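The values are calculated or read from the model by the stated rules, or taken from the named source; none is laboratory data. Please read all numbers here as calculations on a predicted model, not as lab measurements. So basically every Cβ, Gly included, is an ideal-geometry build from the backbone, and we count neighbours across all protein chains shown. The protein model used for the area step is the full one, side chains on, heavy atoms only, and it has no ligands, DNA or RNA in it. Shrake-Rupley method; radii C 1.70, N 1.55, O 1.52, S 1.80 Å.
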Amino acid sequence: MICQNCNKNDATLHMKRIINGRAAEVHLCSDCARSLGYGEAFSGFGLGFGHLLGELLSSNENGSANSMRCPACGKSFEEIAEDGKMGCAECYAVFYDRLLPTLNKIHGKTSYMGTKPQTSGNSAAPSISLDELKNALSEAIERQDFELAASLRDQINELVREGGAL
Amino acid sequence: MCAKWYLGTGAQNDVVINTSIHLARNLKTCPFPARLNLPEKLKVNSIIKGAADSIQDYSFNYAEMKTLSQAEVVSLAERHLVSPEFASSRDGRALLLTEDESVSIMLNEEDHIRLQVMYAGFALDEAYRTASIIEKELSSKLDFAFDDRLGYLTQDPTALGTGMKASVVLHLPALVSTSQITKLITTVSKLGLSLRGSYGEGAAAKGDLFRLSNTITLGISERAAIENLKSIALQIAAQERSAREELFKAPVTEDRIYRAYGVLKYARLIDTSEFMDLISLVRLGAVKGIINMDCAQIEALMIHMQPATISLSVDRPLDRTERDKLRAKLVRQTL
């Protein structure tokens, strides 16, 4: 079979992708596969192509326009769904509930059974303090990143409300 | 210069070429590499380098990828010390490498830390032990991103959990020539493992070299994943051995091996693809005792004859014909 991309070399990478029930076949030679970003064995932790993962992530969204951003790195869930890459460790905590259905699809079960770091005991449960949020807010305003600032303001208000109810 | 890891001889080396353990780790407090700008990446590099330098029993050479030539970087990928992806974009990335090249740490690849330990032959337990020792040393200095439910957190959510990928590279000429390999690839994928060409993919794998790796990183411990890989690898090795016995019943097999040896010994021009096909047959003959060659010598040759690595042996860029000529010459000298 000839590579679909260069129409020259023999295709050596054969892939079937099923996205939302639609199957598509891809046949590429190794040069084109590499240049198109389909990683080789070495980089093959998991699936390796962000876009496919992105589609999986966004397929779990019901079009809810939630523009919350990670206060630590500023990445939104929509951006994660677009490139399939988490922005930072904190993203897992911030977007945990929205990630969970996808993580279940990828990994089957979500309970971790491996070794733990010596200083264990941390959890992805939201752990950002009000002070950290306020600091991030003033930094965002300084950088004139008003989109992030607005999202941070909402999160601060929410925290304050929760605090007031206690 | 100290002896490289691949010059050693390992267990099961009639079929198992080498073993590697990869561990992915990220710093808790820094955004993942795709979210970092250049100065931030360099800062991450220096933090991790500082931690690695404090490990007593291992000493690492540190290189910023930007300071290396394109050929040097591609050669690192050909030697499987860095990923092709790592070699493709060099800005802000760095490599920590021990003198014998058995331990390498890619900095700012897909994750802040991609630790790799590589040993000759079948050595999953030993490689995992070394990887854990180094990982523990690093974690005593660095705070890794970790969650009790999800394990080690990675930039790519499909890799989180143990962040471990264990692999063995298998030489499977008999399973390829008896067309059993495609079926095997399908079977293995149902067992939570992947089997793919080590150089080139699928049935077109160069040199009949295949990499068997675990794909599951969550819901399974490192130990269980390794035991699983071990048992499947040994079963495949046993299948390959019995396929070889069948293969050698036909006189044409021995003939093909001697012809391959003859071409390698006398050719004046040889490209990578032809070289890999022929050396695979020669290795099969060497293991059988037909050809008087050491497996470690053959493995070293397979690594040294890759295009970029061969160009590095002379101090100037080579065109294709020059390279094929040099390759033929070096192969002749070795044989």
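Observations on the structure shown:
- Test: residue in region B:89-97 that is surrounded by fewer than 22 Cβ atoms within 10 Å (Cβ to Cβ), among the small types (Gly, Ala, Ser) and part of a loop (DSSP other than H, G, I, E, B): yes
- Residue in region B:56-88 that is farthest from the other protein chains (Cβ to nearest Cβ), counting only those that are open to solvent by 70 Å² or more (accessible area, probe 1.4 Å) and of a type in the set (Gly, Ala, Ser): B:Ser59
- Restricting attention to region A:102-137, the residues being open to solvent by 20 Å² or more (accessible area, probe 1.4 Å), modelled with pLDDT of 80 or more and within 12 Å of another protein chain (Cβ to nearest Cβ) number 9.
- Here B:Gly262 meets the list (1) more than 14 Å from chain A (Cβ to nearest Cβ); (2) out of contact with any Asp or Glu (no Cβ under 6 Å at 6 or more places or on another chain); (3) over 30 Å from B:Glu135 (Cβ atoms); (4) surrounded by 16 or more Cβ atoms within 10 Å (Cβ to Cβ) almost entirely, failing just condition (4).
- Residue count for region B:185-200 under the criterion of being part of a helix (DSSP H, G or I) and either among the aromatic types (Phe, Trp, Tyr) or open to solvent by less than 20 Å² (accessible area, probe 1.4 Å) (or both): the result is 1.
- On inspection, B:Thr158 fails the criterion of being open to solvent by less than 10 Å² (accessible area, probe 1.4 Å), of a type outside the set (A, V, I, L, M, F, W, C), touching a helix residue (DSSP H, G or I) at 6+ places or on another chain (Cβ under 6 Å) and under 21 Å from B:Thr19 (Cβ atoms).
- Here B:Ala250 passes the criteria (1) in contact (Cβ under 8 Å) with a residue 60 or more places away in the chain; (2) more than 21 Å from the chain's Cα centre (by Cα); (3) open to solvent by 10 Å² or more (accessible area, probe 1.4 Å) except the one numbered (1).
- Qualifying position, being in contact (Cβ under 8 Å) with a residue 24 or more places away in the chain, within 21 Å of B:Ser132 (Cβ to Cβ) and within 13 Å of another protein chain (Cβ to nearest Cβ), among B:Leu96, B:Leu27: B:Leu27
- Test result for B:Ala328, touching a helix residue (DSSP H, G or I) at 6+ places or on another chain (Cβ under 6 Å), in contact (Cβ under 8 Å) with a residue 60 or more places away in the chain, open to solvent by less than 10 Å² (accessible area, probe 1.4 Å) and under 29 Å from B:Ala87 (Cβ atoms): no
- Filter pass, B:Leu36 being open to solvent by less than 50 Å² (accessible area, probe 1.4 Å) and within 20 Å of B:Asn108 (Cβ to Cβ): yes
- Looking only at region B:4-33, and only at residues there that are surrounded by fewer than 18 Cβ atoms within 10 Å (Cβ to Cβ) and of a type in the set (Gly, Ala, Ser), the one that is modelled with the lowest pLDDT: B:Gly8
- Region B:99-157 - residue that is in a strand (DSSP E or B) and polar (S, T, N, Q) and, of those, nearest to the other protein chains (Cβ to nearest Cβ): B:Gln116
- None of A:Ala72, A:Ala89, A:Ala93 is modelled with pLDDT of 80 or more, within 12 Å of chain B (Cβ to nearest Cβ), open to solvent by 50 Å² or more (accessible area, probe 1.4 Å) and within 18 Å of B:Asn26 (Cα to Cα) except A:Ala72.
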